[in-house]
Amino acid sequence: MNPTPDKPLLEIERLEVEFDTRRGVVRALRGVDLTMRRGETLAVVGESGSGKSVTAQAVMGLIDVPGRISGGDIRWKGHSLLTRSGARMARDLRGKEIAMVFQDPMTSLNPLMRVGRQISEVLCRHLNMTRADADLRTLELLEAVGIPAPPRRANQYPHELSGGMRQRVMIAMAIACEPELLIADEPTTALDVTIQAQVLELLAGLQQSLGLSVLLITHDLGVVAGLCDRVAVMYAGRIVETGLAEDVFERPAHPYTQGLIRSTPRLDDHMERLIAIEGAPPNMLAAPSGCAFRERCPISDARCEQQPKLEPSRAEGTVACWRASTNAWAAATEVEPGMLRAV
Amino acid sequence: MGRFILRRLGQGFLVVLGVSLVVFVAMRVFGDPAKVMLPLSATAEQRAEFEHLIGLDRPLPEQFVSFIGDLATLDFGESLWQRRPAMDVVFERLPNTLMLIGAGLGLAVLLALPLGALAALRPGGFVDRVTVIGGLVGLSTPQFWLGLLLIMLFAVNLKILPTSGFGGIKYLVLPALTMALPSLARMVLLVRSQVIDELNQQYVRTARAKGLRFHQVLFGHALRNTLIPFITLAGWEVISALAGYTVVVESVFAWPGLGLTAIQAIQRNDLFLLQAIVFTVAIGIVLINITLDVVYKLIDPRIRIA
Amino acid sequence: MAAIDPPAVPAIARSEPDRLRALGEELWKDKPGLIGFLVIVGIVLISIFAPLVAPYDPAAQSVIGRLKPPVWQPGGAWDHLLGTDQLGRDILSRLIHGARTSLLVGVSVVALAGAFGVTVGLFAGFRGGRTDAFLMRLVDIQVAFPGLLLILLIVAVIGPSMGTMIVVLALTNWMIYARVVRGIVLSVRQTPYVEAAEMIGCPQTRVIFRHILPNLTSPLLTLGILEFTNIVLAEAALSFLGLGVQPPATSWGLDVSTGKDYIFVAWWLVTFPGLCISITVLSINLFANWLRVTTDPQEREKRFARAKAAERRREERRAGVRQVTE
């Protein structure tokens, strides 16, 4: 493939993923559109079950039965990864040009394999290195992700490492072939708060030094603020809003984004209490028609029974709402204060 | 490591002590060795003489002490049937049993890994369902009956293998097959479900996200991690074969190993010989258990060496 | 596997008959499990009504009707469907009565060993500390005994009979129950809800009956069923070796044993009783396999996914294309 600079790095178009369960078909993704440019850092936020992780897994080709990609397309530098030839190509891309860091470093490493070998394995696979070369490079990688005494650590097993250490190993594994895109699926969720900051710092540093594009999946808006250029907000298997990070934080257009931000603690703001969004995400077994958020939305009206399109709203931003940029929750607090509760 | 082995040896000693207690209670308290071992025509004097000879006329605790003493010196008395020390008979027959177990379980181990992995590749598929049903049939088949069926097929009808006995490799085929099948069934089912589980583990997703080829994921990760439970089961199979399953196979095929000898000893009321076999096997099991524990320590990094 | 949270479905409190019917419907869909279940029911009924079902007295000998082949073989006749043995006894009748032995021994041993093992396990799990350590060490030691050989020795010394066999098998098979029960008790006691119940001063008997025993039923049921198959096989093996059921009583293992001297002339003597053992044990295994999966929600979801995956592969093969969109 020839890298054309104007082409986006990754394009996800109307991606649909379904899971068969005993109780019926769960439509985890219902037409996700997402574009990533070279060198950019994009955060995908949303509550659990909104489909953020599934999106990442679809890109990595990790959707297995009972799940399947039932529609849409994923393109890497303009080439579809879902066609027959694309799937073949994708096998060589993954781990090399696109790499992933998972949420739980406790279970993501093979417990019975030395961590060094788990890293050098990637090098042997993609860069055709000999075992000895790969081992040497592994030590450099461990050094690069800030693991002290690499030769000793490389010979240890995952259970001998702390959680933060393991996540660093995962990152070393991911950057081993100097990928262009790093997908980080809630990379700090399973870690202690102090370690979280270190790991994020490491990711930010690597992003700078290697010129990585990062797709960061998280439910933690605090993580997003400092690290990402752009934000995409997911709800019930769809993207509901995208935009530059500061725009989305300062002037959220979608009622759901507004609610999400209201319910997040901030240090620079003297809000007296945090306010949760009432209700629960919809049951994805019976995916709702129209706007999925309308049951919980304080400003929903008759139009919301039709699914709003994801339309450009402002510079580099899109939103899927009939009444975008209305201050949805101010009204709600006035009208029905009893609906909201302090967290 | 040394202390660990020592501790396991201590536990093994308790096992042997437990076995001797059970044997002692069975023989001297519930049973009547004199009645079992002497011919029906034995007179009261002969009976008294025999009881005195093996110490039955002394109080039980004293008997137990001397019983343990005999065991400690590996003195199991004279085989009534063979008219020579029981241990000599045991050592003569033991290699045959080991040969049978080795051939049978070796076969099972060699076949179980590929078959189980093959079934696990497509869980719910045709190969998988055939394997599972086949495995269940295998572990539902009584070994002695399987042996007889094989004899009827290969020896009686096809006449290509001998029915029973001991000699060249021809004589080993059917007993080894009979020995192998139930173990193979258990092992295949284990490998299959374990590989399926491993393939669903998060670390396998990591391996796939790394772009590893399928065979690398399967052999390098999933199957490799299945080896630990597999070794556990294989060890258990050796132990349970030694602990008695060979008795059945050996008696079907008249294979002159420890198991057949045990049955012959029972038929000839040769309790000393039987007792010697039981203790030899008990000690063998203790040693295998210790070996297995050491193997785990070597291959499973999660077990700390105490 | 799926990274999505299972959707919350309101738990509908269902009555006992409804649940049984739902289970029945599920069993209907799993053909091997269903076949297993029906065969077991059949065997149980036959063994209960053995004297009514069996065409002959299983011990009735006939000098002129010896070694008659089954009805479909040349020389076979309708009056002995599965032929006769070397003493002219009707094979079918012997098989029917043999079922009684297998079930009787299996049920008694599982009940005895289970009762003892469960008691030991509960005791160890609740007392904890030294009691627990001592009992579990005892279990470890006995597990390392040379099981079958020791049984042979004991039976040889005491003298073989069905009663001896039941007692000895029970004494050598209780450990697994103790281990399983103790494990569950320990893990359940550490769950927050039981800790909470104990903390607020819930009486211990209540904790046992309300919180712990319900967690034991399903694993114990599966374990008991699987142990039953082991006992049936062990009974057959012991009787085959001449150390179990003694003539004139009947047992499948015993019949195989007497038939083995006639394999050159009468294959049916060995084949049919062995087949009975095999079918009984296989049926139970098929049913237990289904039961184990069905009582475990995770396993159920996995089984569903597997079936789905297989179905999808078949579709793909038929369509000849990959399911991903081009």
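Quick rundown of the values:
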item: Unit Cα scatterers, Debye sum, the stretch B:190-295: log10 I(q)/I(0) for q = 0.10, 0.14, 0.17, 0.18 Å⁻¹; result: -0.48, -0.69, -0.82, -0.86
item: Principal semi-axes in Å for the stretch B:99-138 [√(5λ), Cα gyration tensor, largest first]; result: 24, 11, 4
item: Between the stretch B:207-221 and the stretch C:165-233, the alpha-carbon center distance in angstrom; result: 40 Å
item: Whole-number Å³ per residue for the convex hull built on Cα positions in the stretch C:158-211; result: 91 Å³
item: Highest average packing first - B:155-161, A:222-228, C:286-292, Cβ atoms within 10 Å; result: C:286-292, A:222-228, B:155-161
item: Average other protein chain Cβ within 10 Å of Cβ, residues A:65-72; result: 6
item: R0 of 22 Å, Cβ-Cβ distance residue C:218-residue C:31: FRET efficiency to nearest 0.05; result: 0.45
item: Protection proxy ranking of C:310-319, A:191-200, A:299-308 - average other beta-carbon atoms within 10 Å, highest first; result: A:191-200, A:299-308, C:310-319
item: Three semi-axes of the equivalent ellipsoid, chain C, Cα gyration tensor, whole Å, largest first; result: 43, 31, 17
item: Rh (Kirkwood; distinct C-alpha pairs) - the protein assembly as shown, Å; result: 32.9 Å
item: Computed label-point distance, nm, for sites residue B:127 and residue A:106 using a 7 Å Cα→Cβ extension; result: 3.5 nm
item: Rounded D (µm²/s) - the stretch B:233-306, Kirkwood Rh over Cα pairs, Stokes-Einstein at 20 °C, 1.002 mPa s; result: 156 µm²/s
item: Helical contribution to [θ] at 222 nm, DSSP H n ≥ 4, -39,500 (n - 2.57), averaged over chain A, rounded to 500; result: -9500 deg cm²/dmol
item: Per-q log10 I(q)/I(0), the stretch B:36-133, q = 0.23 Å⁻¹ (Debye; single scatterer per alpha-carbon; no solvent); result: -1.17
item: Dipole-positive endmost among B:191, B:204, B:89 within the stretch B:59-214 (Cβ charges, Cα centre); result: B:204
item: Cα→Cβ-extended label distance, 7 Å offset, between residue B:40 and residue A:35, nm; result: 10.2 nm
item: Residue A:92-residue C:195 pseudo-label distance in nm [points 7 Å out on the Cα-to-Cβ vector]; result: 5.4 nm
item: Whole-Å semi-axes of the stretch A:51-198's equivalent ellipsoid (Cα gyration tensor); result: 27, 19, 12
item: Sites residue A:178 and residue C:204, calculated FRET efficiency, Cβ-Cβ separation with R0 51 Å, nearest 0.05; result: 0.25
item: Average partner coverage of A:75-87, which counts Cβ from other chains inside 10 Å; result: 2
item: Exercise: per-residue mean of other protein chain Cβ atoms within 10 Å, C:273-281; result: 4
item: With Cα atoms, 0 to 90° folded angle of helix C:175-189 axis to chain C main axis; result: 20 degrees
item: Chain B: relative contact order in percent, alpha carbon pairs under 8 Å with at least 6 residues between; result: 27 percent
item: Percentage relative contact order, chain A, counting C-alpha pairs under 8 Å, at least six apart; result: 19 percent
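Any read-out appearing in this document is the output of simple, stated calculations on the displayed coordinates, not a laboratory observation. Computed from a prediction, not measured in an experiment: that's the story for all the values here. Methodologically, a virtual Cβ is constructed for each residue, glycine included, from the backbone with ideal geometry; neighbour enumeration extends over all protein chains shown.
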